[in-house]
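*Asks:* Below: one structure in structure tokens.
The values are calculated or read from the model by the stated rules, or taken from the named source; none is laboratory data. From a predicted model like this one, the values you see are computed outputs, not experimental measurements. All Cβ positions, even for glycine, are placed from backbone atoms using ideal geometry, and neighbour counts span all protein chains on display. Note: areas computed on protein heavy atoms with side chains; ligands, DNA, RNA excluded. Shrake-Rupley method; radii C 1.70, N 1.55, O 1.52, S 1.80 Å.
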Amino acid sequence: MTTLFISDLHLDPERPDITAVFVAFLRGEARDADALYILGDLFEAWVGDDDPSDVGATVASEVRTLVDSGVPVFFIRGNRDFLLGDAYARRAGMVVLPDPAVIMLYGRPVLLMHGDLLCTDDTAYQQFRAQVRDPHWQARFLAQPLQARLAFAQQAREASMRRQSEMKDGDRGRFETITDVSPVAVRETLHRFGIDTLIHGHTHRPAVHELDVDGHACRRIVLGDWYEQGSVLRVDRDGARLEGLPLP
Ligand SMILES: O=C(CCCCNC(=O)Nc1ccc(S(=O)(=O)N2CCN(c3cc(Cl)cc(C(F)(F)F)c3)CC2)cc1)NO
Ligand SMILES: [Mn+2]
């Protein structure tokens, strides 16, 4: 049997094709999995569990159906959907895990993270992150009317599109360049937990990295984003395979 890991789908009403790939994945191979782990940035934006979008409703319903079929689904919040709350998680049947989280995978401990905590070189982002993860900041933001919060998200989207169009190489790529992880932060985290396998997303740089930490052979597996196609890590007793999910 296999355990599945995905992240950085950035599901968005403007990209229904990716939501369709995700629904097919939930109705397809996910049904035969031991468990599904979603390691953050499931949604492009999330301003509260009163989110009115069809995408949010579809995902809750489809994930709930998978869970009810006997496949547990675990979720770690990302830098985009950090406001995804217990109410929505309950609706979807997902169990929210802390970031980082330690799980046992076929008898071996594995460290799971979204990955933004490893981007310690981006000090401005880490300061912003500390603020918006503060429960008081979150309560203040969530106390605003839904329309105001949706307007905030729309302004953030437009600002991001402007930054991308101002990029020197005019690359209208799907996202501003996300700082990569700091090798020191990776090493320090693996050392702190004394675990040799780390799985994370966020950087949109899918790869399997081998590294040595205090003489131990470690592995850092980075999940791929779902902008151009799906990406899934399939882990079973015999090993781990990071593969693409082509669009239909
Ligand atoms: O990771 C990096 C950098 C690259 C990626 C970092 N960029 C990134 O994540 N952008 C982003 C994420 C979420 C959204 S949002 O639309 O979903 N939404 C916006 C308003 N949110 C809010 C919450 C709270 Cl509590 C408090 C506030 C406050 F105080 F600002 F008003 C706002 C809730 C969430 C919009 C943009 N480098 O390593
Ligand atoms: Mn992210």
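*Asks:* How many percent of the accessible area of segment 1-61 is carbon or sulfur, using a 1.4 Å probe?
*Replies:* Values: 1070 of 2060 Å².
Solvent-exposed carbon and sulfur of segment 1-61 make up 52 percent of the total.
*Asks:* A further question on this structure: For the chain, what percent of Cα pairs sit more than 33 Å apart? Don't skip to the answer; put the middle values down first.
*Replies:* Working: 5102 of 30628 pairs.
For the chain, the fraction of Cα-Cα distances above 33 Å is 17 percent.
*Asks:* Give the long-range amide H neighbours of Ile221: residues separated by 5 or more places, or on another chain, with amide H under 5 Å away, using H modelled in the peptide plane at 1.01 Å from N.
*Replies:* Leu198, Ile199, His200, His209
*Asks:* With springs only between Cα atoms under 10 Å apart, run a GNM on the chain and tell me which of Pro206, Pro72, Pro135 wobbles the most.
*Replies:* Pro135
*Asks:* Further question on the same structure: Would you mind getting the accessible area per residue of segment 2-244, heavy atoms of the protein chains only, 1.4 Å probe, in Å²?
*Replies:* Working: 11660 Å² over 243 residues.
On a per-residue basis, 48 Å².
*Asks:* Could I have the simple spin-label model distance between Val23 and Thr65, label points 7 Å from Cα toward Cβ, reported in nm to one decimal?
*Replies:* 0.8
*Asks:* Can you list which of the trypsin sites (Lys or Arg not before Pro) found in segment 1-85 are DSSP loop residues with at most 10 other C-beta atoms within 10 Å?
*Replies:* When the trypsin sites (Lys or Arg not before Pro) of segment 1-85 are filtered for loop state and at most 10 Cβ neighbours within 10 Å, nothing remains.
*Asks:* Stretch Gln229-Ala143 to full length: gain in nm at 0.36 nm per residue minus the Cα-Cα span?
*Replies:* Gain on extension, Gln229 to Ala143, equals 27.3 nm.
*Asks:* Can you tell me how much longer the chain between Arg163 and Ser53 gets when fully stretched, taken as 0.36 nm per residue apart minus their C-alpha distance, in nm with one decimal?
*Replies:* My answer for the length gained is 37.1 nm.
*Asks:* Using modelled backbone amide H atoms (1.01 Å from N, in-plane), which distant-in-sequence or interchain residues come within less than 5 Å of Ser231's amide H?
*Replies:* Leu245
*Asks:* By how many nm would the segment from His191 to Glu243 grow when fully extended, if each residue of separation counts as 0.36 nm and the alpha-carbon distance is taken off?
*Replies:* Here the segment from His191 to Glu243 would lengthen by 15.9 nm.
*Asks:* Ranked highest first by the average count of other Cβ atoms within 10 Å around their residues, in what order do 197-204, 146-153, 85-92 fall?
*Replies:* With the highest mean Cβ count within 10 Å placed first, the list reads 197-204, 85-92, 146-153.
*Asks:* Could you give the nm distance between label points at Ala87 and Ala156, where each point is 7 Å from its Cα heading toward the beta carbon?
*Replies:* Roughly 1.8 nm, to one decimal.
*Asks:* Right, something else. Mark the label point 7 Å from the Cα of Asp32 along Cα→Cβ and return the residues of segment 221-248 whose backbone N is within less than 15 Å of it.
*Replies:* Flagged as within label range: 234-237.
*Asks:* Please give the FRET efficiency for Ala130 paired with Val95, using the beta carbon to beta carbon distance and R0 = 25 Å, rounded to the nearest 0.05.
*Replies:* Values: r = 25 Å, r/R0 = 1.00.
The calculated FRET efficiency here is 0.50.
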